[in-house]
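**Q** Input: one structure, supplied below.
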Amino acid sequence: MLSAKYVTKLVKILSVSQKQQAGSLLAEFVGLKPIIQEHQSRKIVDIASLISALNVSDEQQKADLLAAYEEMKPKIQAYRKEETKHLREYAPQWNVFKVLGVENREIEFHTPFLYGLLNPYGTHGQGRLFLDGFLTNIGEKVVGFSKDDISNPNWYVERDTEQIDLRICNDWLKKGFYIENKVQTVARIGQMSKYVRLWQERYESFSKDGGILYLTVRGDDPSDVGFDSEGQFTRSEIEQKIGKIGLLSYKRDIKSWLEGIVDRVKPQKLKQSIIQYIEIINDL
């Protein structure tokens, strides 16, 4: 017996390689693996329904399909047994963030999660472990930032201050990173210019010892809409004074930062949440 989802999967597989190769494809266990994994539906159809769905008219092809299915049945059953055991012991598909449906929410999920890790006084109890790792990874993207600055004890992190998603600041060094976080949205009209304006006000004058960073899934450049169309905070004026906006990527920078540090995290509850967050990044 095959599930209705099997039929859909097989139709796709067979259509790619043309139906003449049905017999050889069905004989390959690797080819059937994704089909077997789909065997969760309560709707059951028999092999005759499968052949009908594939619109197989040639008698030899029908015979090949039936023979292949009969040959694969014990393998399917064995695989399902092992898969059930594996799921019960390890729950590899479980991800609490996916269950909650928050994986695409930058305001309610991504920004708070990143802040929760970066804040050295956060409930994670790891001190500056995450912050230092982050500064090490992104420091090279900012002109004037030295790795010697990382050890300075005066770094602190703010969230949603003056409508800035994340601020990583060191007033003693007069350096700061302002991070605009975008997952499924883009910079609003004049938003990047506002960041630079606020940064200038905080540090009194334009300086290259700091950075405006734009974080997106793949490191996209903010569009011109994000900058003022005239005045001292246009894109060209900003780039002349402090350089281009630094681009950060979830897929590259955030993932690399977390993967490089997760093995140093000892509390299992914290470690598992980071592992599940990396899974979310992979699916963005």
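The values are calculated or read from the model by the stated rules, or taken from the named source; none is laboratory data. The structure displayed is predicted, hence computed values, not measured ones. A quick note on method: Cβ atoms are made from the backbone with ideal geometry, for glycine too, and the neighbour counts reach across all protein chains shown. Ligands, DNA and RNA are stripped out before the accessible areas are found, and what is left, the full protein with its side chains, is counted by its heavy atoms. Shrake-Rupley method; radii C 1.70, N 1.55, O 1.52, S 1.80 Å.
**Q** Need one word for region 142-284: rounded, prolate or oblate. Basis is the Cα gyration tensor (sqrt eigenvalues a ≥ b ≥ c); a/c below 1.5 gives rounded, then a/b vs b/c decides.
**A** oblate
**Q** For GLN240 and PHE113, what does the FRET efficiency come to when R0 = 41 Å and r is the distance between their Cβ atoms, rounded to the nearest 0.05?
**A** Working from the Cβ atoms, E equals 0.70.
**Q** So, counting K/R as plus one and D/E as minus one, what does the shell of residues with Cβ under 9 Å around TYR156 add up to?
**A** Summing Lys/Arg as +1 and Asp/Glu as -1 gives -1.
**Q** While we're looking at this one, here's another question. Among 91-97, 235-241, how do they line up by average Cβ neighbours within 10 Å per residue, starting with the highest?
**A** Ranked by mean Cβ neighbours within 10 Å, highest first: 235-241, 91-97.
**Q** Right, next: Within the set of other residues whose C-beta is less than 15 Å from the C-beta of LEU131, count the net charge using Lys and Arg as +1 and Asp and Glu as -1.
**A** Combined, the nearby Lys, Arg, Asp and Glu give +2.
**Q** Just by accessible area at a 1.4 angstrom probe, what is the order of VAL217, VAL186 from largest to smallest?
**A** The most accessible residue leads, giving VAL186, VAL217.
**Q** Please report the spacing between the Cα centers of region 206-284 and region 91-139 in Å, no decimals.
**A** Computed from Cα coordinates, the inter-centre distance equals 13 Å.
**Q** Going by a ≥ b ≥ c, the root eigenvalues of the Cα gyration tensor, does region 65-215 fall in the rounded group (a/c under 1.5), the prolate group (a/b larger than b/c) or the oblate group?
**A** Because a/c hits 1.5 or more and a/b exceeds b/c, region 65-215 counts as prolate.
**Q** Leaving ligands and nucleic acids out of the surface, order HIS86, HIS124, HIS110 by accessible area at 1.4 Å, largest first.
**A** Accessible-area ranking of HIS86, HIS124, HIS110, largest first: HIS86, HIS124, HIS110.
**Q** Please report, as a whole percent, how much of the solvent-accessible surface of region 102-154 comes from carbon and sulfur atoms (probe radius 1.4 Å).
**A** It is 49 percent, rounded to a whole number.
**Q** Can you tell me how much longer the chain between GLU162 and ARG197 gets when fully stretched, taken as 0.36 nm per residue apart minus their C-alpha distance, in nm with one decimal?
**A** 11.5 nm
**Q** Quote the FRET efficiency, to the nearest 0.05, computed for GLU89 versus GLU259 with a Förster distance R0 of 25 Å and r equal to the Cβ-Cβ distance.
**A** 0.55
**Q** Using a 7 Å offset from the Cα along the Cα-to-Cβ direction at both LEU66 and ASP220, what is the distance between the two label points in nm, to one decimal?
**A** 5.4
**Q** Multiply the residue separation of GLU279 and LEU129 by 0.36 nm, subtract the distance between their alpha-carbon atoms, and state the gained length in nm to one decimal.
**A** Taking 0.36 nm per residue and subtracting the Cα distance, the gain is 51.9 nm.
**Q** Further question: Rounded to whole Å and sorted largest first, what semi-axes of the equivalent ellipsoid does the C-alpha gyration tensor of region 100-160 yield via the square root of 5 times each eigenvalue?
**A** The equivalent ellipsoid of region 100-160 has semi-axes of 24, 15, 9 Å.
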